[in-house]
Structure formats: C-alpha cells, structure tokens
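Worksheet: one structure, shown below.
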Amino acid sequence: MPHCIVEYSADLKEQPLMTAVFDGTLKSGLFSHDGVDIKVRALPFKHHITGDTQASFIHVVLKILAGRTSEQKQRLSDSVLQHILSNNYADCSVTVEVLDIDTPCYAKALV
C-alpha cells in the first residue's frame, strides 16, 4: 500500500513522472522506509481534451487504506505534487488526489 495511479497526457515521458510519484510518496514518511509497499502504475492518454485546447496534464490518484488523518493525507499529496513539479513541466495541469480504501472491503493475496 499505497496504490499510485498516474494518468497523464501521452506527450509526457512516463519514467521521470513515475519516479517523481514514487519518491514523493516515499518522502511523505507514511509508508515503509524502503518503499517496498509503494505501487506506481501509469496510464498515458493519447486522446483527451483539456478545456478548449490539447494541453498536457498529470492526474495522480493515491489510494491508501482508511485511517490516516487529514494532515497526513495533505502531507502525502503535497510531497507527491512537489516531486512532480521538480521535473519543471511547462503548460501542464498537475493534480493529486488521495482516496481512502474501505479496509473491510479490501482483499489481497500473494500467489
């Protein structure tokens, strides 16, 4: 945990973006210090509309088990956002969202 889902316009390179999301999540201090529990996946979008233009975008959804405080969630989203912004994207909308996973409804298996 957490599951980090990165949606982004296909004109951006995925590896620096995924690294920034991973590093920002790790630096939040909310998860294992070695990052072994952080999962990042990226979904490029070739077809999208941003307002009346074809501007670049990044939207990150961070799914975490319920129970964290609002302050912890804010620290997580701020850390991820700052790490993404350190890549110096130009003309790009960047958003980060933290969502709680309903713990009783979450199932996991290692096979």
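The values are calculated or read from the model by the stated rules, or taken from the named source; none is laboratory data. Treat the numbers as computed from the prediction; the structure is a model and nothing was measured. Virtual Cβ from ideal backbone geometry, glycine too; neighbours counted across all protein chains shown.
Close Cβ contacts (under 6 Å, 6 or more residues apart or on different chains) running from residues in the stretch 82-95 that are assigned to a strand (DSSP E or B) to residues that are not charged (D, E, K, R) comprise C92/S56; S93/F57; V94/I58; V94/I84; T95/H59. Among the residues making up the stretch 1-59, those that are assigned to a loop (DSSP other than H, G, I, E, B) and small (G, A, S) are A10, S28, G29, S32, G35, G51, A55.
If you go through the stretch 51-106 and keep only what is within 20 Å of D11 (Cβ to Cβ) and of a type in the set (G, A, S), you end up with G51, A55, S56, S86, A90, S93.
The residue that is farthest from A90 (Cα to Cα), counting only those in the stretch 21-72 that are over 11 Å from the mean Cα position of the chain (by Cα) and among the basic types (K, R), is R68. Of the residues contained in the stretch 20-33, one or more are found to be more than 20 Å from L85 (Cα to Cα), surrounded by fewer than 15 Cβ atoms within 10 Å (Cβ to Cβ) and not hydroxyl-bearing (S, T, Y).
Suppose we filter M18, M1 for residues that are in contact with a strand residue (DSSP E or B) (Cβ under 7 Å, 6 or more places away or on another chain) and at pLDDT below 95; which single one remains? Walk me through it before giving the result.
Values: M18 fails: at pLDDT below 95.
Every option except M1 fails the conditions.
In the stretch 67-81, the condition of being free of Cβ contacts under 8 Å to residues at least 12 places away in the same chain and of a type in the set (A, V, I, L, M, F, W, C) is met by no residue. Answer yes or no as to whether L76 is closer than 13 Å to H3 by Cα and either out of contact with any Lys or Arg (no Cβ under 9 Å at 6 or more places or on another chain) or not in a strand (DSSP E or B) (or both). Judged against the criteria, L76 is a match.
A residue that is of a type in the set (A, V, I, L, M, F, W, C), loosely packed, with under 14 Cβ neighbours inside 10 Å, closer than 27 Å to L110 by Cα and touching a helix residue (DSSP H, G or I) at 6+ places or on another chain (Cβ under 7 Å) can be found somewhere in the stretch 65-77.
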